[in-house]
Amino acid sequence: SPLSLRHSVSPSPPPPLSFSVCVFSGWQMVVFEGIQWFISYFPSIIPTTMTFLVHYMDAFPTVDRVDVPEKVLCIPHRLALHPEAEIVVPIQHTVKAIQIIRNVVKRLDLGLNFITEVRFVRGDSAWLSPDYGQDYCHFSLLLYGQERMVHKYFYAVEDELLALGARQHWGKIFKSTENELEDLYPKWNEFMAVKQRLDPDKVFCNAFLKRVFPSVC
């Protein structure tokens, strides 16, 4: 069963954060991450353990919290950083994308020991935004303590979702190059023209941009 977080704008000022909410969220994350670290060494128990954790966490009462966005939308991780990819598909392909991700996990016999985040984002008009032009569904793929499987999992999902017109989160793990990316963004050439005009000396180019924007870097 999925865990749901709902966010909305509130006209109310942020109240003092209660001690009970601090203790609840803090210990919950420590226990959750501690279990993830432990089961990463025992892949055979991952499915049963994660099913238990989802039902366990879903049993807690709903907690309403009002605060500034960076304190509500960010989830602290106290043990270690985790690798993450975020693949974005047109909203009408959401169900098909879920089926593809499930099939990849099954085919790779992957011990999926971290949640897969699913969120919906309204379309916008920023030329290289993953959500340019229409509404999209975002899938955040995460793994904990399984470094050897990270790229195999992330890249397999990316490859298969490209057929659905999938785009990538620019700040997370992906392997697509300019040849694949330029077909996904209708304003790609216009953006590159602006980049070339404003930065002809390539001052703002780095190793990452040389990989994804080689024509202007």
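Scanning the stretch 150-174 for residues that are of a type in the set (Gly, Ala, Ser) and open to solvent by 60 Å² or more (accessible area, probe 1.4 Å) gives Ala163, Gly171. Scanning the stretch 84-92 for any residue that is part of a helix (DSSP H, G or I), at pLDDT 80 or above and within 25 Å of Tyr136 (Cα to Cα) turns up at least one such residue.
Residues in the stretch 38-65 that are within 19 Å of Gly145 (Cα to Cα), open to solvent by 70 Å² or more (accessible area, probe 1.4 Å), part of a helix (DSSP H, G or I) and modelled with pLDDT of 75 or more: Phe38, Ser44, Pro47, Thr48, Thr51. When Gly111 is tested against the conditions (1) more than 20 Å from Phe42 (Cα to Cα); (2) touching a Ser or Thr at 6+ places or on another chain (Cβ under 8 Å), the lone failure is (1). Answer yes or no: is there a residue in the stretch 195-211 that is touching a helix residue (DSSP H, G or I) at 6+ places or on another chain (Cβ under 7 Å) and closer than 30 Å to Ile115 by Cα. No, the stretch 195-211 contains no residue that is touching a helix residue (DSSP H, G or I) at 6+ places or on another chain (Cβ under 7 Å) and closer than 30 Å to Ile115 by Cα.
Scanning the stretch 163-217 for residues that are among the hydrophobic types (A, V, I, L, M, F, W, C), free of Cβ contacts under 8 Å to residues at least 40 places away in the same chain and within 22 Å of Asp135 (Cβ to Cβ) yields Ala163, Leu181, Leu184.
Condition check ((1) under 15 Å from the mean Cα position of the chain (by Cα); (2) open to solvent by less than 60 Å² (accessible area, probe 1.4 Å); (3) aromatic (Phe, Trp, Tyr)) across all residues:
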{"position": "Glu86", "(1), (2), (3)": "yes, yes, no"}
{"position": "Asn103", "(1), (2), (3)": "no, no, no"}
{"position": "Asp109", "(1), (2), (3)": "no, no, no"}
{"position": "Leu142", "(1), (2), (3)": "yes, yes, no"}
{"position": "Gly145", "(1), (2), (3)": "no, yes, no"}
{"position": "Arg148", "(1), (2), (3)": "no, no, no"}
{"position": "Thr177", "(1), (2), (3)": "no, yes, no"}
{"position": "Asp183", "(1), (2), (3)": "no, no, no"}
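Those helices (runs of 4 or more DSSP H) of the stretch 137-217 in which 1 or more residues are within 24 Å of Ile91 (Cα to Cα) occupy 147-161, 178-181, 188-198.
The values are calculated or read from the model by the stated rules, or taken from the named source; none is laboratory data. This is a predicted model, so every value here is computed, not measured. Here Cβ is always computed from backbone atoms with ideal geometry, including for glycine, and neighbour counts include all displayed protein chains. What goes into the accessible areas is simple: the full protein's heavy atoms, side chains included, and nothing from ligands, DNA or RNA. Shrake-Rupley method; radii C 1.70, N 1.55, O 1.52, S 1.80 Å.
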